[in-house]
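A.B. asks: Shown below is the structure under consideration.
The values are calculated or read from the model by the stated rules, or taken from the named source; none is laboratory data. Predicted model, so just to flag it, every value in this text is computed and none were measured. For neighbour counting, all protein chains shown are included, and Cβ atoms are generated from backbone atoms with ideal geometry for every residue, glycine included. Protein only, heavy atoms only, side chains kept; ligands, DNA and RNA dropped before computing areas. Shrake-Rupley method; radii C 1.70, N 1.55, O 1.52, S 1.80 Å.
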Amino acid sequence: MRFPEGKCKALTFSYDDGVEADKRLIEIFDRYNLKATFNLNNPFYGVGKHGTMDEERAYSVYANCGHEIALHGDRHVFLTRVPLTEAVCEILDNRRYLEDKYKRIVRGMAYAYGDYNDGVAEMLGKLGVTYARTTQSSHSFSLPENWLRLKPTCHHTECELFTLLDKFVSASPEQEFKKREAWLFYVWGHSFEFDDNNDWERIEEFAKRASGRKDVWYATNGQIREYVRAYENLVFSADGGIIYNPLHMPVWIETRGKIYKVNGGETVKC
């Protein structure tokens, strides 16, 4: 798989809780043409805590910001510590609220407290959630094996952040001897941590160094998930020389030393 325009790498961000500092973070992302996903609870939970915004303030920040909004639970509870029926309500109430308020379909999520188990992940799939981010760092650029147990590359406070960035911008999956799959660099956190640690220059420096790369696709969590789903739905002939794309989204692949674009509904011979 290659990302749009044949790019071999993607970068995305994920930030939780709907706090006031997100506005400043969005300004930084916009300055460098980066894309992020903001995971929001319902507006009646935790207003004021860490600068959590009320309903109308949140709407003014996220409604037309050009980034993705995703689920973070109605009341930010530990999903494994409540009855399953309550966990279902926690997600559905959150999804109904965000979809009604922001007039869009919301299918992504970050686990509150990073708390989940197999039963919770299975439940999310049945509720129409297509990806859910954990808090377990992979320190790698591998695509998720299970999108309902999505491990980010790292938290923005980790000491490995810039070491990973140096590898991401200077190397390429095409240089790998055997494993040549596309790379995904996934950074997560809470924007209020930049206020708490007085280190906004950290994310500013990261954004500056990561931006403007011709081989990197800058996308939201949801955009990447939908693109990978489209790739997974490609139909190949027995020898791999004919590829059919049954979906609407164009997909790029590298095969036999060449990159091909397969438009929706198109069959390509390699």
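A.B. asks: Taking amide H positions as placed in the peptide plane 1.01 Å from N, state which residues far from residue 52 in sequence (5 or more) or on other chains have amide H under 5 Å from it.
C.D. replies: 20
A.B. asks: Check the straight Cα-Cα distances from residue 167 and name the aspartates and glutamates below 13 Å, setting aside those fewer than 8 residues away within the same chain.
C.D. replies: Straight-line reach from residue 167, under 13 Å: 176.
A.B. asks: So, with a 1.4 angstrom probe, what is the percent of accessible area on the chain that is carbon and sulfur?
C.D. replies: Numbers: 6120 of 12610 Å².
Here it works out to 49 percent.
A.B. asks: Hey, can you find the accessible area per residue of the chain for me, probe 1.4 Å, expressed in square angstrom?
C.D. replies: In whole numbers, the chain has 47 Å² accessible per residue.
A.B. asks: Could you tell me which residue out of 224, 200, 251 lies farthest along the dipole of region 133-270 toward its positive end? Charges go on the beta carbon: Lys and Arg +1, Asp and Glu -1, centred on the Cα centre.
C.D. replies: Farthest along the dipole direction, towards plus: 251.
A.B. asks: Over what distance in Å are the Cα centres of region 32-70 and region 174-209 separated?
C.D. replies: Measuring centre to centre over Cα atoms gives 20 Å.
A.B. asks: Give the angle, between 0 and 90 degrees and rounded to the nearest 10, that separates the Cα long axis of helix 21-31 from the longest principal axis of the Cα atoms of the chain.
C.D. replies: Around 30 degrees separate the two axes.
A.B. asks: Given a cut-off of under 8 Å on Cα pairs at least six residues apart, what relative contact order in percent is computed for the chain? Could the numbers behind the result be given before it?
C.D. replies: Numbers: 494 pairs, mean separation 68.7, N = 270.
It comes to 25 percent, rounded to a whole number.
A.B. asks: Next up: To test your reading of the geometry: what angle, between 0 and 90 degrees and rounded to tens, separates the Cα axis of helix 84-102 from the longest principal axis of the chain?
C.D. replies: 80
A.B. asks: While we're here: Explain nothing, just the number: dipole magnitude of region 190-270 about its Cα centre with +1 on each Lys and Arg Cβ and -1 on each Asp and Glu Cβ, in debye rounded to the nearest 20. If you can, show how the numbers build up before the last one.
C.D. replies: Values: 11 positive and 13 negative charges, 143 e Å.
Rounded to the nearest 20 debye, it is 680 debye.
A.B. asks: For region 158-261, state which trypsin sites (Lys or Arg not before Pro) are in a DSSP loop and have at most 10 other beta carbons lying within 10 Å of their beta carbon. Write out the running numbers ahead of the final one.
C.D. replies: Values: sites: 167, 178, 179, 180, 202, 208, 209, 213, 214, 225, 229, 256, 258, 261; in loops: 178, 179, 180, 213, 214, 256.
Those that pass, being in a loop and sparsely packed, are 178, 179, 214, 256.
A.B. asks: So in the chain, what percent of DSSP beta bridges are antiparallel if you round to the nearest 5?
C.D. replies: Restricted to the chain, the bridges split so that about 35 percent are antiparallel.
A.B. asks: For region 229-237, what does the Karplus curve 6.51 cos²θ - 1.76 cosθ + 1.60, with θ = phi - 60°, yield as ³J(HN,Hα) per residue in whole Hz, taken in order and with x for Gly and Pro?
C.D. replies: 4, 5, 4, 5, 8, 4, 10, 10, 5
A.B. asks: Right, something else. Using alpha carbons only, how many degrees (0 to 90, rounded to 10) separate the axis of helix 200-210 from the longest principal axis of the chain?
C.D. replies: 10
A.B. asks: Provide 201, 226 ordered by accessible surface of protein heavy atoms (probe 1.4 Å), highest first. Walk me through the numbers on the way to the answer.
C.D. replies: Details: 201 120, 226 70 Å².
Heavy-atom accessible area, descending, gives 201, 226.
A.B. asks: Between residue 256 and residue 33, what is the label-point separation in nm under the 7 Å Cα-to-beta-carbon projection?
C.D. replies: Placing both labels 7 Å beyond Cα along the Cβ direction yields 3.4 nm.
A.B. asks: Just read off the accessible area of residue 172 with the full protein assembly in place, 1.4 Å probe, to the nearest 10 Å².
C.D. replies: Looks like 10 Å² after rounding.
A.B. asks: Which lysines have a Cα less than 20 Å from the Cα of residue 49, not counting those fewer than 8 places away in the same chain?
C.D. replies: Here the lysines satisfying the reach criterion relative to residue 49 are 23.
A.B. asks: Grab the eigenvalues of the alpha-carbon gyration tensor for region 61-109, scale each by 5, take roots, and send me the semi-axes largest first in whole angstrom.
C.D. replies: 23, 10, 8
A.B. asks: What distance in nm separates the simple spin-label points at residue 136 and residue 235, each placed 7 Å from Cα in the Cβ direction?
C.D. replies: 3.6
A.B. asks: Under a plain spin-label model, where a point goes 7 Å from the Cα along Cα-to-Cβ, how far apart in nm are residue 160 and residue 145?
C.D. replies: Using points 7 Å along Cα→Cβ, the separation is 1.6 nm.
A.B. asks: Please name which of 3, 144, 13 has its Cα lying farthest along the dipole of the chain towards the positive end, using unit charges on Cβ (Lys, Arg +1; Asp, Glu -1) and the Cα centre as origin.
C.D. replies: Selected residue: 3.
A.B. asks: Ok, one more. Please give the Cα centre distance for region 220-261 versus region 74-90, rounded to the nearest Å.
C.D. replies: Using only Cα atoms to place each centre, the spacing works out to 36 Å.
A.B. asks: Right, here's the next one. Rounded to the nearest 500, what is the chain's calculated 222 nm mean residue ellipticity when only DSSP H runs of at least 4 contribute -39500 (n - 2.57) each, over all residues?
C.D. replies: Values: 8 runs with 86 residues, N = 270.
Mean residue ellipticity, 222 nm, calculated: -9500 deg cm²/dmol.
A.B. asks: Still on this model: Within the set of other residues whose C-beta is less than 14 Å from the C-beta of residue 92, count the net charge using Lys and Arg as +1 and Asp and Glu as -1. Provide the component values of the computation, followed by the final result.
C.D. replies: Numbers: positive: 75, 95, 96, 107, 126; negative: 74, 86, 90, 93, 99, 100.
That works out to -1.
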